[in-house]
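Read the structure below first, then the notes.
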Amino acid sequence: MTDAVNTDRWIRWLNLVQLVLAGVIIMTPTVWMVLSSFKPSFEVTAYPPTLIFTPTLDNYVELTKTTPFLSYALNSLIVTVGSTALGLLFGIPAAFVVSWTRISWPAILTLAARMAPGTLFLLPWYVMFRQVGMIGSYTALILSHAVITLPIVIWVLLPSFDAIPRSVFEAAQVDGCGVTRILWRIALPLVASGIAVSAILAFVFSWNYFLFALVLSNGDTKTLIAAAFNFIGEGSTQWGALMAAATLIALPPLVLAALVQRWLVSGLTLGAVKG
Amino acid sequence: MSDTAATLTQDRQKLEMAALSAPAVIFTVAMIAFPVVYTIWLGFQTFSSTGKQSFAGLANYTKLISDVEFWHGLWITIALFVLSLVLQLVFGVWLALVLFHAKRLPGIVRSLFISPFMMPPVVAGMMWLVILDPSLGAANYILQSLGLPPSDWMASPTWVIPTVALIDSWQWTPYVTLIVLGGLQSLPPSVYEAAQIDGASAFKTFQRITLPLLLPTIVTAAILRSVDLLRFFDIIYITTQGGPGNASNTLNIYGFRVGFEFFNIGYASALMLTLTAIVFGAVLAFNRLRGAVAW
């Protein structure tokens, strides 16, 4: 009996040790990035690396002074908010119709597009947008990023719409409610939390997306992610400013994800797992 | 009378459905279906240095077969795919088991675990570039303090692919963990109880009961990761741009450079269509595997 209790306790300890080890491996690089961003310039590249230092905001000040960081951030915000809004505007009614009619090809087509390598679309887009003089425009960037957001919205919302009992809709139909009114008045309030999760996931993945802005933006419309490339190019010894940029770029998605982490899991796996 | 009214409502209902789904369908056709058809057409074209285009038949595809850089890119893509997928599945399942036995998981811990894959891959690349710097990076300092030889990491043609696989695995193993954890939590507890009564050891229980029951979930995770791994781009482009030399020139990086650095749109189209076929082939193969291990 005591043997069993001892083994049990021992296993629990072993489990805790593994948990802490995994946590340390996962967290250390991020912590190192944030720490480096607050180091004085001579200490960022110190070897051996230092752990104790007087924190300073110099790197952040330098970043905003020497690069148009804030206008890049504004570009990112415009493209991300625009493409998330477009994804919701097109995706919510589409998900509702797919859930209602069980005609799933529009949903599957958007998912297939999500799986194809981005360069596949980028080549024809580049040729097309260049012909109409839209390279470098916010419109082109928002449209391209909506290809990321639309399938996220549709696939996160599908299970939410599916979960509404059919009888609710049928009762409304008997009362003479049209489909659009049912969506607007009855279904939307019921899937409000699903819409919030889909909007946040769409925002995060649009914010994080690199490839399209790399080609479709210009100096005035460059997003933070596409500009990150320039920060690296500006001299490998500017590690402090580089890490300050990395920290600031990662902040919005991390904060948003932390706010809704409990509901994120099922959304992230496109319904593969009931979280 | 009431029949006509019913048909009228039904027609109206169909019309409303069409109107509601129209924006998404039109957008998808304009931004995805039409461009893909256009890419297929571009794949049969060749562009001269003056920008004049002409029909090239299968020339872009025959060029593919004799292009050493294509086969190198395919090899790099597959090596990176296999290495990363194995790392992420093995460590993902291990971590899921650890978390599963920790029972109650505070929200803050969950937030920490999802933080790597919620940050942009570009940022992951930037941070690891600094940590793995061959001369001043913290990673080599740690290695040397442990009495191990330092590595050139991404500056070494030999180690660049394993290093990129490590970075991607740091970022996405927690994602596999969350999927597998969901699978573990949905398994019926009665199975474990029966195994316990039979006196099965922890390892036997895992090998004979948990793992087979988890296989469909693990294959699902493999599908979701494969799609990203086969078209690997962000971390490599931000850190090495395919280098040193061409040591990390994956097919996606190669196709991008052919298209947007050398502006050979026709050949780049053929390259990207080939890569797309590889991605969908892998998804279909894994899907069949999932069918085979379903219970």
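If only residues of the range B:172-200 that are more than 30 Å from residue B:226 (Cα to Cα) and surrounded by 10 or more Cβ atoms within 10 Å (Cβ to Cβ) are counted, the one that is nearest to the other protein chains (Cβ to nearest Cβ) is B:196.
Name the single residue, out of those in the range A:248-266 being within 12 Å of residue A:203 (Cβ to Cβ) and more than 12 Å from the chain's Cα centre (by Cα), that is modelled with the highest pLDDT. Out of the qualifying residues, it is A:259. Residues of the range A:219-228 include at least one that is at pLDDT below 90 and either in contact with a strand residue (DSSP E or B) (Cβ under 8 Å, 6 or more places away or on another chain) or within 13 Å of chain B (Cβ to nearest Cβ) (or both). Taking the range B:216-247 as the range and being among the β-branched types (Val, Ile, Thr) and without any contact (Cβ under 8 Å) to a residue 40 or more places away in the chain as the test, only B:217 passes. A single member of B:135, B:115, B:111 is under 20 Å from residue B:225 (Cα atoms) and of a type in the set (S, T, N, Q), and it is B:115. Is at least one residue of the range B:51-59 at the interface with another protein chain (Cβ under 8 Å from one of its Cβ atoms), out of contact with any Cys (no Cβ under 8 Å at 6 or more places or on another chain) and either assigned to a strand (DSSP E or B) or not acidic (Asp, Glu) (or both)? No - not one qualifying residue is present in the range B:51-59. The residues of the range B:230-268 that are surrounded by 23 or more Cβ atoms within 10 Å (Cβ to Cβ) and among the aromatic types (Phe, Trp, Tyr), listed by number, are B:232, B:237, B:254, B:256, B:267.
Checking each residue in the range B:100-117 for being more than 7 Å from every other protein chain (Cβ to nearest Cβ) and in contact (Cβ under 8 Å) with a residue 60 or more places away in the chain picks out only B:100. Hey, any hits in the range B:79-94 for a residue that's in the same structural domain as residue B:253 (by TED's automatic domain parsing), closer than 25 Å to residue B:182 by Cβ and small (Gly, Ala, Ser)? Scanning the range B:79-94 turns up at least one residue that is in the same structural domain as residue B:253 (by TED's automatic domain parsing), closer than 25 Å to residue B:182 by Cβ and small (Gly, Ala, Ser). The lone criterion from (1) within 30 Å of residue B:196 (Cα to Cα); (2) crowded, with 16+ Cβ neighbours inside 10 Å; (3) not hydroxyl-bearing (Ser, Thr, Tyr) left unmet by residue A:59 is number (1).
Kindly provide the set of residues from the range A:206-218 that are in a loop (DSSP other than H, G, I, E, B) and either of a type in the set (D, E, K, R) or without any contact (Cβ under 8 Å) to a residue 24 or more places away in the chain (or both), ordered by number. Within the range A:206-218, A:210 is the sole residue that qualifies. Looking across the range B:118-145, the residues that are more than 7 Å from chain A (Cβ to nearest Cβ) and either out of contact with any helix residue (DSSP H, G or I) (no Cβ under 7 Å at 6 or more places or on another chain) or surrounded by fewer than 20 Cβ atoms within 10 Å (Cβ to Cβ) (or both) come down to B:133, B:134, B:135, B:140, B:142, B:143, B:144, B:145.
Quick check: anything in the range B:239-248 hydrophobic (A, V, I, L, M, F, W, C) and in a helix (DSSP H, G or I)? Checked the range B:239-248: no residue is hydrophobic (A, V, I, L, M, F, W, C) and in a helix (DSSP H, G or I). Considering the range A:132-172, the residues that are of a type in the set (Ser, Thr, Tyr) and over 15 Å from residue A:121 (Cβ atoms) include one that is farthest from the chain's Cα centre (by Cα), namely A:167. In the set (1) under 22 Å from residue B:287 (Cα atoms); (2) surrounded by fewer than 18 Cβ atoms within 10 Å (Cβ to Cβ); (3) away from chain A (no Cβ under 14 Å), residue B:210 fails one condition alone, (2).
Looking at the range A:26-41, can you tell me whether even one residue there is within 29 Å of the chain's Cα centre (by Cα) and outside any helix (DSSP H, G or I)? Within the range A:26-41 (the criterion being within 29 Å of the chain's Cα centre (by Cα) and outside any helix (DSSP H, G or I)), the answer is yes, since at least one residue qualifies. Taking the conditions (1) under 23 Å from the mean Cα position of the chain (by Cα); (2) surrounded by fewer than 21 Cβ atoms within 10 Å (Cβ to Cβ) in turn, residue A:91 satisfies each one other than (2). Of B:43, B:107, all but one fail to be surrounded by fewer than 13 Cβ atoms within 10 Å (Cβ to Cβ) and either within 30 Å of the chain's Cα centre (by Cα) or not charged (D, E, K, R) (or both); the exception is B:107. Please state which one of B:105, B:112, B:95 is touching a helix residue (DSSP H, G or I) at 6+ places or on another chain (Cβ under 7 Å), at pLDDT below 95 and not in a helix (DSSP H, G or I). When all the criteria are applied, what remains is B:105. Within the group B:220, B:239, which residue is among the hydroxyl-bearing types (Ser, Thr, Tyr), facing chain A (nearest Cβ under 10 Å) and touching a Leu at 6+ places or on another chain (Cβ under 9 Å)? After ruling out the rest, the residue left standing is B:239.
Quick one: which helices (runs of 4 or more DSSP H) lie wholly within the range A:68-161 and hold at least 1 residues that are more than 12 Å from chain B (Cβ to nearest Cβ)? Reasoning before the result, please.
Working: elements: A:69-101, A:105-115, A:118-131.
Per the criteria, A:69-101.
Please verify whether residue B:66 is modelled with pLDDT under 85 and more than 11 Å from chain A (Cβ to nearest Cβ), treating the condition exactly as stated. No; evaluated as a whole, the condition is false for this residue.
The values are calculated or read from the model by the stated rules, or taken from the named source; none is laboratory data. Predicted model, so just to flag it, every value in this text is computed and none were measured. Don't worry about glycine lacking a Cβ; one is built from the backbone with ideal geometry, like all the others, and counts go over all protein chains shown.
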